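Below is one structure; the comments refer to it alone.
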Amino acid sequence: MSSTISVTKTRKPRKSLRKNASVWVVLAIVIVALTMLLGFPVIKLFQAGFSARGRAAIVASFTSNADTLIHSIILGLLVGVLGTTIGFVCAYVQTFIRMPGKRILHWLTLLPTISPPFAAATAIITLFGKRGMITHDLLGLETNIYGLPGLTMVLTMTFAPVAYLNIKGMFDNLDPSLFEAASSLGSSPVHTLFHVTIPMVLPSMLSSFLVLFVEGIADLANPLVIGGNYRVLASQVYLAVIGSGDAPTAAGISLVLLLPAITVFIIQRYWTSKKSVVTVTGKPTGSLKPVKSLKVVVPMLVIALLWLLLVATIYSTLFIGGFVKILGVDNTWTLDHFIFIQQLGSDAVMTTLLMTLIAAPLAALLALAISWLVVRHLHRFGPVLDLWGMLGVAIPGTVLGLGFAMAYSQPVHIFGVEVLPSLAGGLAIAGGSIAIIMVFIARGNPTGQQSFIAAFRQVNPEIEEAAVSLGASPLTTVRKITLPLMSSAVVTAVTYAITKSMTTITAIIFITTPQTQVVTSQILDEVDAARFGNAFAYSSLLIILVLIILGISNLLLSQLNRSKR
């Protein structure tokens, strides 16, 4: 009897040790990854930003150049509010309103996020500019789309799909019994919308607002294309680096740009920390019933369809523009723009595609690992880890890109020992492509991370505890039990990582090299040279490639989920 008790006492610590070992290994990998992606570049940026010239730039940003800071904040707020509202409306129509053609509407809603934003800006200028095809040729108006109106329109159009994906992911996991209970208690559809539906997805809405605000203040390409005299901080950073080669001044302005982004991020974290929604319990549930009240359906449909009509018009212009000589001036059909890409741009297309296929799954895996540690295992250190991972989106792309250029343009030394060769710039290994892939991962991770965290919190922990009590390890439990319950989060993480990698330009504009050309950089060069036809053709090709990749990834994920049932 005594020997039996002795054996039992020695086995429990080994099992606990194995269980904890997997957590510690994953934590170590995550910390190393975040240090390289978001630690070292930020440290180098702060070092340059607090130099003498950096401090002078910071002071000037709050005094003589304060208008650029105010412009950036106004632009970010407009993009955040409008984009989140439109994303919510489109997600609501997709989930709660019965209508034909939902699949088409879904892809049409996603269309802006899978193209370079400044390509849409070019189409908007062609349609709504002073000599625009609609405003001038059709309506006879003299309008000025340059400045805040044009920037708000194109940035809202570009980033609203991010809010749509986030909010739709939470809608898909809502428990229908909540709405049945509200209805049985006499709640009207309008009352249910404001007191049940919106509160349930409020964390996703706030998270979306953060992403859109930061993207709005950090976007660089659109202010260069359609900003006119409306100066923002991001364009000042670009001009400091490209115009005068003054990296310390650029770093100082970047730190100012970082201030509103981090402030909004902390506010968003404060609000979301007070919200916890559990809707996936493991119990069998039905499907959400469509809303039929005209008081809800009509305004939702009107807003969504008008928005999608605008999107369809702009992207039709973009597609047609690739097949005519000069859209609106010489509308002769031609394939010259695509022949130009085949001869001079095919390398950029293949390089962008390859780097995206490497970065997207790594970003999704990093997001899954962080969210698993934050929600399930590291209750004290978890908020810090979550905050660290979210810096990929809280730090404006221009700032992060500048940090990467400063951190990895030279070999990295620790205590006098070279631990990393140069990763960024023309003289780096692999032509600087490793640094670009790292930026893709850093920027693609946060949205997936928030989607996984929201999904983990919706899954009742008792489901996983039951698997662990039956002998499954923590990693096995996630792979075989939890992950199949979070298919929407997986789709959101992979989709966002792919689209972000294929279309980003702001965060990599300082580290692209002649050896590693990317499509977005080529498009910006064509827009700068006023060769809009080539830019339209590049954008059309990029959209088609992203759609193909997303279609294949969604098909694979569907097959994976089906095989696990």
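The values are calculated or read from the model by the stated rules, or taken from the named source; none is laboratory data. Predicted model only: the values in this text are computed from it and were never measured. Cβ atoms come from the backbone with ideal geometry, glycine included; neighbour counts cover every protein chain shown. The accessibility values were calculated without ligands, DNA or RNA, using every heavy atom of the protein model including side chains. Shrake-Rupley method; radii C 1.70, N 1.55, O 1.52, S 1.80 Å.
Say whether the condition of being within 18 Å of ILE198 (Cβ to Cβ) and of a type in the set (Phe, Trp, Tyr) is met by at least one residue in segment 146-158. No, segment 146-158 contains no residue that is within 18 Å of ILE198 (Cβ to Cβ) and of a type in the set (Phe, Trp, Tyr). Scan segment 235-267 for residues that are within 21 Å of the chain's Cα centre (by Cα) and among the polar types (S, T, N, Q) and the total you get is 3.
Matching residues to (1) modelled with pLDDT of 80 or more; (2) more than 17 Å from ALA91 (Cα to Cα); (3) in contact with a helix residue (DSSP H, G or I) (Cβ under 8 Å, 6 or more places away or on another chain):
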{"residue": "LYS275", "(1), (2), (3)": "no, yes, yes"}
{"residue": "VAL278", "(1), (2), (3)": "no, yes, yes"}
{"residue": "LEU288", "(1), (2), (3)": "no, no, yes"}
{"residue": "LEU308", "(1), (2), (3)": "yes, no, yes"}
{"residue": "GLY322", "(1), (2), (3)": "yes, yes, yes"}
{"residue": "GLY328", "(1), (2), (3)": "no, yes, yes"}
{"residue": "THR332", "(1), (2), (3)": "yes, yes, no"}
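Within segment 27-40, residues that are at negative phi have Cβ atoms under 8 Å from residues that are outside any helix (DSSP H, G or I) in these pairs: LEU27/LEU378; LEU38/ILE395; PHE40/VAL412, counting only partners at least 6 apart in sequence or on another chain.
Screening the candidates VAL302, VAL384 for the property of being closer than 30 Å to ARG457 by Cβ, of a type in the set (A, V, I, L, M, F, W, C) and either surrounded by fewer than 21 Cβ atoms within 10 Å (Cβ to Cβ) or modelled with pLDDT under 85 (or both) yields one hit, VAL384.
Counting the residues of segment 63-85 that are over 28 Å from the mean Cα position of the chain (by Cα) and closer than 16 Å to GLY147 by Cβ gives 0. Of the residues in segment 145-154, none is more than 29 Å from the chain's Cα centre (by Cα) and either without any contact (Cβ under 8 Å) to a residue 24 or more places away in the chain or open to solvent by 40 Å² or more (accessible area, probe 1.4 Å) (or both).
From the list LEU423, LEU402, the one residue that fits, being at pLDDT 80 or above, assigned to a helix (DSSP H, G or I) and either open to solvent by less than 20 Å² (accessible area, probe 1.4 Å) or among the polar types (S, T, N, Q) (or both), is LEU402.
Here ARG18 qualifies as loosely packed, with under 15 Cβ neighbours inside 10 Å, part of a helix (DSSP H, G or I), at pLDDT below 90 and touching a Ser or Thr at 6+ places or on another chain (Cβ under 9 Å). For segment 34-62, the candidate set comprises residues that are of a type in the set (Phe, Trp, Tyr) and in a helix (DSSP H, G or I); within that set, the residue that is farthest from the chain's Cα centre (by Cα) is PHE62. Mind listing whichever residues of segment 309-333 are hydroxyl-bearing (Ser, Thr, Tyr), open to solvent by 10 Å² or more (accessible area, probe 1.4 Å) and in contact (Cβ under 8 Å) with a residue 12 or more places away in the chain? Matches in segment 309-333: THR313, THR317. Residues considered: LEU362, LEU378, LEU368. Of these, the only one that is surrounded by fewer than 24 Cβ atoms within 10 Å (Cβ to Cβ) and modelled with pLDDT of 85 or more is LEU362.
Do any residues in segment 180-201 that are without any contact (Cβ under 8 Å) to a residue 60 or more places away in the chain and among the small types (Gly, Ala, Ser) have Cβ atoms under 9 Å from those of residues that are open to solvent by 40 Å² or more (accessible area, probe 1.4 Å) and in a helix (DSSP H, G or I), where the two are at least six apart or on different chains, and which pairs are they? From segment 180-201, the pairs are ALA182/HIS191; ALA182/HIS195; SER183/PRO189; SER187/ALA181; SER187/HIS195.
The listed residues are LEU75, LEU82, and the only one of them that is crowded, with 22+ Cβ neighbours inside 10 Å and within 28 Å of ILE198 (Cβ to Cβ) turns out to be LEU75. Per the listing ILE104, ILE114, ILE124, ILE97, the residue uniquely of a type in the set (A, V, I, L, M, F, W, C), open to solvent by less than 10 Å² (accessible area, probe 1.4 Å) and more than 29 Å from TYR146 (Cβ to Cβ) is ILE97. For segment 72-113, how many residues are farther than 22 Å from ALA234 by Cβ and not charged (D, E, K, R)? Qualifying residue count for the region: 24. Being surrounded by 23 or more Cβ atoms within 10 Å (Cβ to Cβ), modelled with pLDDT of 85 or more and under 23 Å from PHE213 (Cα atoms) is the requirement here; does SER451 meet it? Criteria not met by SER451. When segment 438-461 is examined, which residues are found to be of a type in the set (Val, Ile, Thr) and within 22 Å of ILE508 (Cα to Cα)? Hits for segment 438-461 are VAL439, ILE441, THR447. The set of residues from segment 166-189 being of a type in the set (D, E, K, R) and crowded, with 20+ Cβ neighbours inside 10 Å comprises just one member, LYS168.
Conditions tested, residue by residue: (1) more than 30 Å from ALA454 (Cα to Cα); (2) touching a helix residue (DSSP H, G or I) at 6+ places or on another chain (Cβ under 9 Å).
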position: ILE97; (1), (2): no, yes
position: THR122; (1), (2): yes, yes
position: ARG131; (1), (2): yes, yes
position: ASP137; (1), (2): yes, no
position: GLY150; (1), (2): yes, yes
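Mind checking whether some residue in segment 389-398 is open to solvent by 50 Å² or more (accessible area, probe 1.4 Å) and either part of a helix (DSSP H, G or I) or modelled with pLDDT of 80 or more (or both)? No, segment 389-398 contains no residue that is open to solvent by 50 Å² or more (accessible area, probe 1.4 Å) and either part of a helix (DSSP H, G or I) or modelled with pLDDT of 80 or more (or both).
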